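A short worksheet on the structure shown next.
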Amino acid sequence: MSTRKFAAVAVGMTLALSLAACGGEGAGSGTDTDTGGDTGSSGEESEGGLIGVSMPTQTSERWIADGDAVKAGLEEAGYEVDLQFAGDDIPTQSQQIDQMITKGAEALIIAAIDGTALASQLQAAADAGIPVIAYDRLIRDSENVNFYVTFDNFNVGVQQATSLLVGLGVLNADGSEGTATGPFNIEVHAGSLDDNNAHFFFAGAMETLQPYIDSGVLTIPSGKTEIEQVAILRWQQEVAQKNMEDVLTAAYNDGTPLHGVLSPFDGASRGIITALQNAGYGSADKPMPVITGQDAEIASVKLIADGVQFSTIFKDTRKLADQAVVAAEAYLSGEEPEANDTETYDNGVKVVPSYLLESDIVYADNIEALLVDSGYYTAEEVAAGQTS
Ligand code: BGC
């Protein structure tokens, strides 16, 4: 698979993004209980009809921001919105989507918990003539997915691995070869196996790391290199922490140094950091390894500013929400949304036409340029490590 660059043009209206505060979760805190919840519909008179928006969880702040941004954009465009969060529970998400269909939703925007678990809901939607837009995560094994809005997920993995190599000094930030030759010890982690994205991220990352593993610049002392060995169920912070603890016990108790950790997501990175801190990393004689992430969560952006985590990947949820709104509007106007990729996302039954956005690597020295200047966070929020 090759990495492609897409000239992603942000089309459509400007969304009022309200980033909901997420409780200032720090590296040491566990994942909150996420019971699922109904944020209700707008209740306002609308001419555009009802659109159901199904998000996986509120434990990670990106999904709250995504849900709020999609809702705001649709309401601004004159639609009524039923926004639901499913508490990372598959039956809850299925029921919520069933209810959206019963309530008369005219389109569905869905970020699936398990990409293979929604076939019967999607059949019901298709039978009722309701278009389905997969949001960020591909819905698999169903004919009844009309469109997919997401980021270039393979490239996200490439960027994660690239930032790991930059942190080690093997590459320079501009992509040119750095001076460091190692050998370096690294460990890799991956997301939830039931999320199609996890496979794309891991494939992009491992393809980028492989030449350096082959040449001996990188070594993986635990021997865990397959996605099944390093997956983090539901992307949970506690699972990531436990996986890291197991690896440290198995391969590092004899004093072997650990130089880098590929982590797929900021919440997981915080679990990994906790495991490392508990094992004495972060001191002068045992420095914190280079640790990656994803989503530019505010608590992790602060950890990057503080030099604890090395990098994250910024995926601008405002732009993704824009694209979901544009796609929904197209369907409800009797048109097809415009795709910029019609090859990559085969869901097992068909290739789903997609609109892919680009992402950026965040390091300590470009937090301001990428996250503050774009209005994603304020400088005060970055300093505090929580949204206000
Ligand atoms: C998303 C990531 C996110 C992860 C965990 C993935 O599907 O693409 O942005 O970090 O889920 O929520």
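The values are calculated or read from the model by the stated rules, or taken from the named source; none is laboratory data. Since this is a predicted model, take the numbers as computed values, not measurements. All Cβ positions, even for glycine, are placed from backbone atoms using ideal geometry, and neighbour counts span all protein chains on display.
Look at Asp127 and say whether it is of a type in the set (Asp, Glu), at pLDDT 95 or above and over 18 Å from the mean Cα position of the chain (by Cα). The answer is yes for Asp127.
Put simply, of Ser222, Ser163 the only residue that is of a type in the set (Ser, Thr, Tyr), under 22 Å from the mean Cα position of the chain (by Cα) and at pLDDT 95 or above is Ser163. Just to be sure I understand, how many residues within the stretch 371-380 are surrounded by 19 or more Cβ atoms within 10 Å (Cβ to Cβ) and out of contact with any Lys or Arg (no Cβ under 8 Å at 6 or more places or on another chain)? Total meeting the criteria: 2.
Consider Ser142 carefully, then state whether it is crowded, with 21+ Cβ neighbours inside 10 Å, more than 20 Å from Val362 (Cα to Cα), among the polar types (S, T, N, Q) and not assigned by TED's automatic domain parsing to the domain that holds Leu262.
Working: crowded, with 21+ Cβ neighbours inside 10 Å: yes; more than 20 Å from Val362 (Cα to Cα): yes; among the polar types (S, T, N, Q): yes; not assigned by TED's automatic domain parsing to the domain that holds Leu262: yes.
Taking the combined requirement at face value, the residue satisfies it.
Taking the stretch 71-96 as the range and being more than 16 Å from the ligand (Cβ to nearest atom) and in a loop (DSSP other than H, G, I, E, B) as the test, the residues that pass are Ala77, Gly78, Tyr79.
Listed here are the residues, each with its yes/no results for (1) in the same structural domain as Val53 (by TED's automatic domain parsing); (2) within 12 Å of the ligand (Cβ to nearest atom); (3) touching a residue at least 12 places away in the same chain (Cβ under 8 Å).
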position	(1), (2), (3)
Ala117	yes, no, yes
Ala126	yes, no, yes
Val158	no, no, yes
Ser176	no, no, no
Thr179	no, no, no
Phe184	no, no, yes
Ser192	no, yes, yes
Ser222	no, no, yes
Glu226	no, no, no
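Among what's in the stretch 294-311 and is in contact (Cβ under 8 Å) with a residue 60 or more places away in the chain and within 12 Å of the ligand (Cβ to nearest atom), pick the residue that is surrounded by the most Cβ atoms within 10 Å (Cβ to Cβ). Among them, the one singled out is Gln294.
Considering Ala339, Ala383, the condition of being surrounded by fewer than 14 Cβ atoms within 10 Å (Cβ to Cβ), out of contact with any helix residue (DSSP H, G or I) (no Cβ under 7 Å at 6 or more places or on another chain) and touching a residue at least 60 places away in the same chain (Cβ under 8 Å) is satisfied by Ala383 alone. Within the stretch 97-144, track down each residue that is in contact with a Gly (Cβ under 8 Å, 6 or more places away or on another chain), of a type in the set (A, V, I, L, M) and either part of a helix (DSSP H, G or I) or more than 25 Å from Glu75 (Cβ to Cβ) (or both). Hits for the stretch 97-144 are Ile97, Met100, Ile101, Leu138. Among the residues making up the stretch 302-343, those that are within 15 Å of Asn153 (Cα to Cα) and over 18 Å from the mean Cα position of the chain (by Cα) are Asn340, Asp341, Thr342, Glu343.
Output the residue which, of all residues in the stretch 195-222 that are polar (S, T, N, Q) and assigned to a loop (DSSP other than H, G, I, E, B), is surrounded by the most Cβ atoms within 10 Å (Cβ to Cβ).
Initial filter on the stretch 195-222 (polar (S, T, N, Q)): 196-197, 208, 210, 215, 219, 222.
Remaining after also requiring assigned to a loop (DSSP other than H, G, I, E, B): 215, 222.
Values: Ser215: 11, Ser222: 21.
Result: Ser222.
Among residues belonging to the stretch 194-208 that are of a type in the set (A, V, I, L, M) and over 11 Å from the mean Cα position of the chain (by Cα), point out the one that is farthest from the ligand (Cβ to nearest atom). Looking at residues that are of a type in the set (A, V, I, L, M) and over 11 Å from the mean Cα position of the chain (by Cα), I get Met206.
Scanning the stretch 53-70 for residues that are more than 16 Å from Leu332 (Cα to Cα) and in a helix (DSSP H, G or I) yields Glu61, Arg62, Trp63, Ile64, Ala65, Asp66, Gly67, Asp68, Ala69.
Filter the stretch 153-194 down to the residues that are within 27 Å of Gln241 (Cα to Cα) and of a type in the set (D, E, K, R), then identify the one that is surrounded by the fewest Cβ atoms within 10 Å (Cβ to Cβ).
Top of the filtered list is Asp194.
The condition of being surrounded by fewer than 24 Cβ atoms within 10 Å (Cβ to Cβ), in contact with a strand residue (DSSP E or B) (Cβ under 8 Å, 6 or more places away or on another chain) and polar (S, T, N, Q) holds for only one of Thr249, Thr225, that being Thr225.
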